[in-house]
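Here is the structure we will look at.
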Amino acid sequence: MTTEEIKIRHLTNQYLLSPAEKLTVVRDLCGVQAQFMVNAMHALKIRCTDYDESTLPDGLVKNWTIRGTVHVFSEEDLPLFKHCNNGKDYRSDDWHGYLTWQRPDGSYIWYDDGGCKQVWALTPERQKLFSHLILDAVKVIPKTRDELKDLCRAAGMTELEESCMFDAWGGGIRDLCERGFMHYVTQEKKAYIASPTFTPIPEAEANLEIARRYFTHFAPATIHDAMYFLAATQKQVKDWLANLPVKETEADGKTYYYIENGKTYDKKIPPCLFLAGFDQLMLGYQKKESLYLAPEHLRGIFNLAGIVMPAVLLHGKVVGKWKKKNRKLTVELFIKVGKKDLAHIKNKAETLWEDLSAVEICS
């Protein structure tokens with residue numbers, strides 16, 4: 001395959017050339033990343049035939065999944081992404097303190113804003129008390145993070161205990177989500193609701209299914225691409241490939257793997273696309289080997305704070321980033337483009353956002 005043929009397959013498989021129904025999109029793409037809900041909403045808007053903000057939450061949940069990041073995904077996929085230690089921790093009422101997977105460095109400690117080392121402040125008994133209080137509160141109606149904090153404070157939670165239970169990296173709240181008790185409500189404001197009962201899929205089986213979806217709907221992809229998106233080792237990826245019906249192709253000296261999905265790839269790369277922040281097209285492939293993003297523009301999209309900016313894709317290449325505030329769209333270009341391409345950018349923006357009052361393009 002040529003590089004252009006691979007790009008057309010990517011854009012088609014990721015529903016950027018041929019949109020589909022919302023639930024199909026989120027299942028095939030393993031959800032969409034959603035630290036900021038506005039990004040998830042835009043990622044679905046540009047891919048879905050039935051996008052409607054008023055019904056967006058229907059059938060969707062928000063929780064920690066791939067790479068330990070928050071995604072919006074199909075409620076039916078809760079068993080796939082929340083395998084709960086092969087079911088051993090599913091709705092477990094055994095509280096034994098801060099779990100190692102809850103911190104980026106795998107430790108039982110964290111550093112507060114003053115740089116002082118702290119330990120997990122909740123005893124198993126106290127964590128159980130507040131966990132039950134939270135779970136009782138979210139059984140029927142959603143509760144915001146602040147509402148849950150107020151409930152816990154009223155029950156005697158100390159400031160240090162609160163900093164653990166509601167730690168920015170997850171804390172005890174994440175523990176409740178990882179055990180299958182509850183999940184985020186699919187909205188911008190942080191709120192939680194009880195999850196429906198389900199039977200977790202064993203981890204090895206779940207990971208193979210996620211890899212199957214990846215090599216079907218993100219592919220063609222290299223082993224490095226899969227390692228990056230799935231946060232996996234080379235051995236894990238090779239093991240999955242050995243158990244999947246993949247085909248191989250070569251392009252520019254690299255081996256790409258893919259699973260046939262019955263789609264046709266007869267559409268051209270569009271003149272302009274406005275990708276979401278944390279878009280799957282940017283996250284789906286090793287960023288330093290991206291077919292879309294030139295190395296000199298890498299930090300323009302993947303900044304040092306860990307934010308993946310909304311990208312402007314022009315003829316299959318990232319040429320800038322965008323921001324929409326109220327009714328004004330600002331596009332910051334990384335390169336100079338001609339009048340015809342400026343018109344492509346403006347026309348796409350006006351098609352995508354009917355409420356625009358101004359489009360500012362700068363470089």
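The values are calculated or read from the model by the stated rules, or taken from the named source; none is laboratory data. Everything quoted here is computed from the prediction, not taken from an experiment. Methodologically, a virtual Cβ is constructed for each residue, glycine included, from the backbone with ideal geometry; neighbour enumeration extends over all protein chains shown. The accessibility values were calculated without ligands, DNA or RNA, using every heavy atom of the protein model including side chains. Shrake-Rupley method; radii C 1.70, N 1.55, O 1.52, S 1.80 Å.
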_Scan the range 191-212 and tell me whether some residue there is open to solvent by less than 10 Å² (accessible area, probe 1.4 Å) and farther than 25 Å from G87 by Cβ._
yes
*What do you reckon, is G106 open to solvent by 20 Å² or more (accessible area, probe 1.4 Å), at pLDDT 85 or above and more than 19 Å from Y184 (Cβ to Cβ)?*
no
*Could you tell me which of the residues K247, K263, K287, K267 is open to solvent by 20 Å² or more (accessible area, probe 1.4 Å) and closer than 23 Å to V38 by Cα?*
K287
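Conditions (1) farther than 30 Å from W169 by Cβ; (2) at pLDDT 95 or above; (3) open to solvent by 10 Å² or more (accessible area, probe 1.4 Å), marked per residue:
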site: P271; (1), (2), (3): yes, yes, yes
site: F274; (1), (2), (3): yes, yes, no
site: E296; (1), (2), (3): yes, yes, yes
site: G300; (1), (2), (3): no, yes, yes
site: G306; (1), (2), (3): no, no, yes
site: K323; (1), (2), (3): no, yes, yes
site: L342; (1), (2), (3): yes, yes, yes
*List the helices (runs of 4 or more DSSP H) that sit entirely inside the range 21-94 and contain at least 1 residues that are within 23 Å of E203 (Cα to Cα).*
22-28, 78-81
*Here are some residues: P220, P202. Which one is touching a residue at least 60 places away in the same chain (Cβ under 8 Å) and over 23 Å from T24 (Cβ atoms)?*
P202
*Restricting the search to the range 118-163, which residues are of a type in the set (F, W, Y) and over 25 Å from T197 (Cα atoms)?*
W120
*In the range 141-179, which residues are within 26 Å of L80 (Cα to Cα), open to solvent by 30 Å² or more (accessible area, probe 1.4 Å) and touching a residue at least 24 places away in the same chain (Cβ under 8 Å)?*
I141, P142, K143, R145, W169, E178
